[in-house]
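A quick write-up on the structure given underneath.
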Ligand code: SAM
Ligand code: SF4
């Protein structure tokens, strides 16, 4: 898989930083919570919300497992062996818990996320150290569920009530100072009704539900007031967004983006992950019209073969995808395209794979994620004939990734010598170095003083690496106070 900072389904493990939140202590009794996040950005967002909900209960986030009074594994179930990885991590945590017990300290253990939803009670049966199993729609109930667990019950909560989750979480967040600048995630939609034949999401996250416009705008305004300059709107199928506005009308993602673009201080907007079928005219026009909508689009196609697209139930053809890309590029010529690809779906012949390679050559991606098909119990793909042997999948994945790496290198090289806005996000590996993000989502490293973190600066791209760009600050040009993109040079 090509690794990108925003999405690393296989390996992304994030401990929510202890500095991420302001703790309102109940009775002054501070306890520590360690949250480990697996999977996509939606889980990163959920982990932050869990720490928000726990803060008024006196929990402070820690990066140190040994120091934790409460450990939560926020899990991902998108591909095989996810559950096994969780069980082996629980084995490691059991040892830490036993060590702590020797010095009279307790440790509660919770499993959250899609593995919790899929496995339910099985988790505490197989791993008795687990006190609490909580599905993705029930995080708002964490304080009361913990209370029950503390009283000695094994708690399993996997109900689907997404409205209750969002109503409650946003109300809680309002009471806290959210200080996670300068770039943040905001979930606007959850679940999926598409039922692609390889995917577990419709089963683990449930039916598609959109948050209301009012809720989203108010959360975005609070984030902007706390110093957030860039928001990435999240959803398993984010461009299927259809939220109710205050006057009762249903808004699509394009209209929502236009409203968010009006928020003062919010200079950059992004969204992920989109389905080609849901790229409507208004959303495409938003890419043409909104300066703050960054020129980057993650639009997975999965395969370039019509036969495989049909078997995957993707509901569009290869030609329709090409035509869509043309319309998007017409609206936003400098857009960086990204995608997801699955190799070795049941029935994928050499010719089908060649069709995928041909599609990649014709589209030209700035980056892409690629996966070997992983059979998921309960999905139609799992029982299809003609499963593809592992060695064939591996060879196809390697060829596809080599092609994407070439395209990524060419795309990065095309930025050389350009001046673009960079949102400076954090310190780099070397002293005096900061790391930021280009409009096209490439990491940019440059020498700059730390007090520029959180600002948007004009940066000249002076060199390129395999995954990041190297830049230099343009002297005398301070924070531009806008996210205007600098157009790419003509090809
Ligand atoms: N909604 C997005 C779409 O329609 O393309 C995708 C969201 S899915 C959570 C993220 C990616 O995981 C998919 O695009 C797909 O490439 C990959 N994925 C999902 N199920 C998979 C499976 N069973 N085997 C391999 N990759 C899978
Ligand atoms: Fe999964 Fe995306 Fe298909 Fe929904 S649209 S079933 S999330 S791959």
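Only the coordinates and a few stated rules stand behind these numbers; no lab work does. Because the structure is a prediction, the values reported are computed rather than measured. Ideal geometry is used to build each Cβ from the backbone, glycine not excepted, and the neighbour counts take in all protein chains shown.
What the table below lists for this structure:
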quantity: Label-point separation, residue 319 to residue 416 (7 Å along Cα→Cβ), nm; calculated: 4.0
quantity: Segment residue 330-residue 153, length gained on full extension (0.36 nm per residue, minus Cα span); calculated: 57.9 nm
quantity: Relative contact order of the chain, pairs being alpha-carbon contacts under 8 Å that are 6 or more residues apart, as %; calculated: 10
quantity: Spin-label pair residue 259/residue 226, simplified geometry with 7 Å Cα→Cβ offset, distance in nm; calculated: 2.1
quantity: Cα-only Debye scattering, segment 234-386: base-10 log of I(q)/I(0) at q = 0.14, 0.16, 0.19 Å⁻¹; calculated: -0.74, -0.91, -1.17
quantity: Rough spin-label spacing in nm, given labels placed 7 Å along Cα→Cβ, for residue 245 and residue 390; calculated: 5.3
quantity: Ordering of 384-395, 406-417 by burial proxy (mean other Cβ atoms within 10 Å per residue, highest first); calculated: 406-417, 384-395
quantity: Footprinting exposure proxy for 356, 427 (fewest neighbouring C-beta atoms within 10 Å first); calculated: 427, 356
quantity: Ranking of 204, 383, 419, 197 by count of other Cβ atoms within 10 Å, fewest first; calculated: 383, 419, 197, 204
quantity: Residues residue 67 and residue 362, FRET efficiency given R0 of 56 Å [Cβ-Cβ distance, rounded to 0.05]; calculated: 0.60
quantity: Average Cα contact separation per residue, segment 270-348, under 8 Å, 6 or more apart, as relative contact order %; calculated: 39
quantity: Cα centroid separation, segment 103-154 to segment 190-222 (Å); calculated: 23
quantity: Measure of compaction for the chain (Cα Rg per 2.2 N^0.38 Å); calculated: 0.97
quantity: Stretchable slack from residue 99 to residue 87, in nm (0.36 nm times residue separation minus alpha-carbon distance); calculated: 2.4 nm
quantity: Span from the segment 364-388 Cα centroid across to the segment 79-95 one, whole angstrom; calculated: 23
quantity: Convex hull volume per residue for segment 344-423, taking Cα atoms only, in Å³; calculated: 121
